[in-house]
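Following: one structure in structure tokens, then a few remarks.
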Amino acid sequence: MFKKILIANRGEIACRVAATARRLGIKTVAVYSEADANAKHVAVCDEAVLIGPAAAKESYLRGDKIIAVAKATGAQAIHPGYGFLSENAEFADACAEAGLVFIGPPASAMRAMGSKSAAKSLMEKAAVPLVPGYHGDNQDADFLNREADRIGYPVLLKASAGGGGKGMRVVENSAAFKDALASCKREAISSFGDDKVLAEKYLQRPRHIEIQVFADTLGNCIYLFERDCSVQRRHQKVLEEAPAPNMTDERRAAMGDAAVAAAKAVGYVGAGTVEFIANQDGSFYFMEMNTRLQVEHPVTEMITGTDLVEWQLRVAAGEPLPKKQDELRIHGHAIEARIYAENPEKGFLPSIGTLRHLETPQAVNFELGGTLANGLGHPAAVRIDSGVREGDAISPFYDPMIAKLIVWGADRKQALARMSQALAQYQIVGLAANIAFLKRLVEGEAFATADLDTGLIERNHDALFPAAQPAAEGALALAAVALIEAEKDASAAQSGTNAADPWGQALGWRMNTAYTRSLSFTDDYTAAQPAKAYNVQITYRDADWLFNRPASADTHPERLSLMSQQGTDFSIKLGDTAWHGSVRRDGDVFHVFTGGAHYALAYNDPMAHAGETEAEGGRLTAPMPGKVVAVLAEKGKDVKKGDALVIMEAMKMEHTISAPHDGVVEEVLYAVGDQVADGAPLLAFRAA
Ligand code: ADP
């Protein structure tokens with residue numbers, strides 16, 4: 001076995017690989033970009049080496065630099081994770097030339113599977129079932145049009161070199177064929193540098209079912225059952241599960257055999273995934289083979305009690321596969337949800353920023369290896385694979401995945417219940433995340449009843465994207481109580497030792513009078529919907545308050561009391577109803593987590609802006625991590641209120657930082673091209 005390996009990746013997968021290596025007593029070397037200097041994967045490895053700027057092509061894709069680091073640090077092998085260099089045959093060759101073991105398949109197998117058309121020709125020879133179609137070399141438009149007519153519409157055009165759901169076009173009829181072909185070829189050449197396409201029958205309501213295969217250097221090749229990854233958005237996986245619902249033993253064996261045949265046809269070694277597209281009647285066809293460890297490999301680990309990274313390391317070191325086909329069994333059911341920093345309501349637009357508050361579900365400690373949380377005598381059932389911690393940033397440079405949440409249950413029903421419970425416990429403040437969307441998805445009728453196909457999300461659009469609901473009364477009451485209690489603490493702190501002195505307490509306390517105060521909140525983070533405003537009236541009494549919503553017609557004042565508070569966790573009583581929740585304050589925004597929901601309520605503080613002319617544009621700090629694209633301010637120059645001072649770019653959008661008042665720029669702290677962290681001061685400014 002290796003003594004030291006280099007992990008040529010970042011984020012959760014780098015941490016995942018490091019965890020297994022540590023358990024096996026293998027030392028790890030991390031590589032990182034400038035943007036990742038404080039990243040979790042750097043912290044969890046034994047050594048870490050900076051390899052370049054944030055842009056992946058200058059860092060994580062620089063095979064030459066990574067190989068040099070491996071040589072310099074004495075690593076014997078390189079684990080590429082997924083993405084980046086993991087399916088790069090030239091990199092695998094370069095590792096071999098440098099005397100390093102590439103933890104993955106032989107370069108020849110990657111090349112064979114790299115082109116969708118060539119792979120299909122190979123699979124045809126190996127008698128693996130293929131979607132009816134044309135995957136030959138003739139790219140003449142008239143010829144392809146005739147082939148499409150022969151296949152029968154709808155037809156799917158795919159870029160042969162494509163991946164990640166890009167370069168695909170559905171063609172409904174012969175008349176639309178040539179335009180679709182031209183646009184598919186344009187996208188193929190611009191995304192993959194190769195305009196070769198293939199055409200195949202576009203299946204109706206198909207399922208995506210893939211088989212995990214594993215081969216060693218001694219000629220053994222087995223499959224570790226299937227994963228159903230049908231729940232996708234724009235051809236990208238959102239939920240994955242194992243085993244596939246309604247799979248029969250015969251079909252599982254047939255798909256497993258086909259996948260093993262596919263792997264053997266290319267001389268495969270290591271972990272690989274053969275993706276099939278399946279009709280509702282169960283017939284299935286080869287789509288492609290991913291020659292690496294998949295994002296969703298944990299669901300397979302959970303149901304088989306294996307550590308697939310350990311298997312990868314053993315196979316790469318020349319050992320035989322740890323198990324034989326007939327030693328593998330399926331135990332229970334596992335589901336994975338990809339937690340993304342994104343805004344489902346805004347077309348799944350990535351969201352970047354800092355994870356100001358991150359609380360994950362009670363992770364039932366998932367120890368990789370010996371004590372797998374797979375029900376094999378262990379009660380553990382919740383696993384979180386994450387590459388970030390509270391305080392870390394989701395930057396625009398890399399995939400905005402925050403974590404993978406994986407649950408195990410004795411059966412699908414139990415796994416589903418655990419998933420929805422775990423999602424209800426997930427708290428993220430600082431950026432938009434897809435938690436609420438995932439919760440609706442797993443609790444929705446279609447997924448719960450396993451009515452699966454790749455169009456599940458589109459088909460259930462209305463249920464998955466309900467109109468924004470007004471904040472629950474209890475959430476408003478929790479925010480109000482948190483606000484009032486925080487004010488009490490603040491004024492107590494101000495008056496020092498005299499905390500009990502009512503004269504020292506500025507807020508809320510009025511002698512002998514029931515003081516009534518109005519609080520105004522607006523929805524924050526509410527995606528596409530316009531923000532709603534909420535006016536709350538709080539009347540202070542001796543031991544409790546009266547809570548009222550003057551704007552709503554049929555409300556009347558209700559008794560509100562604080563039953564208990566522990567840090568940010570509150571139990572209150574509103575009328576006859578008890579509410580429990582945790583309230584996290586981020587600036588003016590109160591994030592209320594209660595009943596499995598997250599309400600972000602922006603408090604409109606009348607005091608905060610009393611002395612200011614206008615708060616708008618008053619911020620001289622970076623609103624999110626990004627890059628400075630223009631510096632318009634000059635040191636010592638007078639500026640007028642509203643003048644643009646610095647322009648930043650983040651998430652392909654420009655953000656202008658302008659002067660809050662008339663004044664002087666005393667110092668410009670960054671230059672064009674600099675990366676700035678979220679919240680970093682950009683300028684020193686003196687108001688005139
Ligand atoms: P990529 O390499 O870009 O991920 P794939 O060939 O794996 O492309 O296909 C991605 C997704 O597109 C599949 O998971 C499935 O949802 C859909 N898809 C692919 N081929 C077909 C087909 N013939 N009919 C219907 N849907 C398909």
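Just so you know, all these numbers are worked out from the coordinates, no wet-lab data involved. This is a predicted model, so every value here is computed, not measured. Here the Cβ is made from the backbone with ideal geometry for all residues, glycine too, and neighbour counts use every protein chain on show.
Rounded to the nearest 0.05, what FRET efficiency is calculated for Glu485 and Lys635 with R0 set to 41 Å and r the Cβ-Cβ distance? Mind dumping the intermediate values first?
On the way: r = 44 Å, r/R0 = 1.08.
Efficiency, rounded to the nearest 0.05: 0.40.
Using the basic label-point model (7 angstrom from Cα toward the beta carbon), what is the Ala118 to Arg22 distance in nanometres?
Output for this residue pair reads 4.0 nm.
By how many nm would the segment from Leu349 to Tyr153 lengthen if fully extended, with 0.36 nm per residue of separation less the alpha-carbon distance?
Gain on extension, Leu349 to Tyr153, equals 67.4 nm.
What's the local net charge at Glu226, with K and R +1, D and E -1, over the other residues with C-beta under 12 Å away? Write out the running numbers ahead of the final one.
Numbers: positive: Arg207, Arg227, Arg251, Arg252; negative: Glu210, Asp228, Glu240, Glu241, Asp249, Glu275, Glu296.
Within the 12 Å Cβ shell, the charges total -3.
Enumerate the calculated ³J(HN,Hα) couplings along region 661-674 in order (Karplus 6.51 cos²θ - 1.76 cosθ + 1.60, θ = phi - 60°), each rounded to whole Hz, writing x wherever the residue is Gly or Pro.
9, 5, x, 10, 7, 8, 7, 9, 8, 9, 10, 4, x, 5
Put +1 on the Cβ of every Lys and Arg and -1 on every Asp and Glu Cβ in the chain; which of Gln325, Ile484, Gly74 then has its Cα farthest towards the positive end of the dipole?
Gln325
Using alpha carbons only, how many degrees (0 to 90, rounded to 10) separate the axis of helix 63-73 from the longest principal axis of the chain?
Taking Cα atoms only, the helix is inclined about 80 degrees.
Report the full-extension gain for the segment Ala671 to Gln566: residue separation times 0.36 nm, less the Cα-Cα distance, to one decimal in nm.
In short, 33.3 nm is gained.
Assign one of three labels to the chain, namely rounded, prolate or oblate, based on the Cα gyration tensor with a ≥ b ≥ c the square roots of its eigenvalues; rounded applies when a/c is under 1.5, prolate when it is not and a/b is larger than b/c, and oblate otherwise.
It is prolate, given that a/c is not under 1.5 and a/b is the larger ratio.
Cα convex hull of region 12-68: how many Å³ per residue?
74
Report the label-to-label distance for Asp64 and Ala684 in nanometres (one decimal), using points 7 Å from each Cα along the Cα→Cβ vector.
The answer from the label model is 4.2 nm.
Place a +1 charge on the Cβ of each Lys and Arg in the chain and a -1 charge on the Cβ of each Asp and Glu, then give the dipole magnitude about the Cα centre in debye, rounded to the nearest 20.
Using Cβ point charges on Lys, Arg, Asp and Glu, the chain gives about 880 debye.
Return a whole-number percent for the relative contact order of the chain, with Cα pairs under 8 Å and 6 or more residues apart as the contact set.
Rounded, it is 9 percent for the chain.
Amide H of Glu666: which non-local residues (sequence gap of 5 or more, or other chain) have their own amide H closer than 5 Å, using H built in the peptide plane?
It is Gly636, Ala684, Phe685, Arg686, by chain and number.
Over region 619-687, what is the relative contact order in whole percent, taking alpha-carbon pairs under 8 Å and six or more residues apart?
About 42 percent, as a whole number.
Using 1/(1 + (r/R0)^6) with R0 = 45 angstrom and r between the beta carbons of Asp605 and Asn38, what's the FRET efficiency to the nearest 0.05?
0.90
Sort the following peptides by mean Cβ neighbour count (other Cβ atoms within 10 Å, averaged over residues), highest first: 91-99, 246-254, 589-597.
Ranked from most to least packed, the peptides come out as 589-597, 91-99, 246-254.
Ordered by packing density, taken as the mean number of other Cβ atoms within 10 Å over each peptide's residues, highest first, how do 476-487, 192-203 rank?
The peptides rank, most packed first, as 476-487, 192-203.
Take peptides 297-304, 416-423 and line them up by average Cβ neighbours within 10 Å, highest first, as a rough protection proxy.
297-304, 416-423
What FRET efficiency do you get for Asp249 and Gln204 if R0 is 22 Å and r is their Cβ-Cβ distance, rounded to the nearest 0.05?
Working: r = 26 Å, r/R0 = 1.19.
With a Förster radius of 22 Å, E is 0.25.
Take the alpha-carbon centre of region 160-230, take the same for region 78-150, and report the distance between them in whole Å.
For region 160-230 versus region 78-150, the Cα centre distance is 11 Å.
At 222 nm, what helix-only mean residue ellipticity would the chain give, in deg cm²/dmol to the nearest 500, using -39500 (n - 2.57) for each DSSP H run of four or more?
Computed ellipticity for the chain at 222 nm equals -7500 deg cm²/dmol.
Size of region 1-97 along its principal axes in angstrom, Cα-based, largest extent first?
The principal-axis extents, from largest down, are 31, 31, 23 Å.
Once you list every other residue whose beta carbon is under 12 Å from the beta carbon of Asn145, what net charge do they have if Lys and Arg are +1 and Asp and Glu are -1?
With Lys, Arg at +1 and Asp, Glu at -1, the neighbours total -2.
Amide H of Phe276 versus every other amide H placed in the peptide plane: which residues, excluding those fewer than 5 positions away on the same chain, fall under 5 Å?
Amide H to amide H, under 5 Å and 5 or more residues apart or across chains, Phe276 pairs with Ile209, Glu210, Ile211, Met287.
On a 0 to 90 degree scale, rounded to 10, what angle separates helix 141-151 from the longest Cα axis of the chain?
Roughly 90 degrees between the two axes.
If I fit a long axis through the Cα atoms of helix 249-265 and take the longest principal axis of the Cα atoms of the chain, what angle between them do I get, 0 to 90°, rounded to 10?
With rounding to tens, the tilt is 70 degrees.
What nm distance separates the two modelled labels at His235 and Lys532, each placed 7 Å from Cα along Cα→Cβ?
Result: 3.9 nm between the two label points.
Of the cross-linked pairs Lys532/Lys573; Lys346/Lys640; Lys346/Lys404; Lys264/Lys323; Lys65/Lys627; Lys27/Lys264, which ones have a Cα-Cα span greater than 28 Å in the structure shown?
In this structure, Lys346/Lys640; Lys27/Lys264 exceed 28 Å between Cα atoms.
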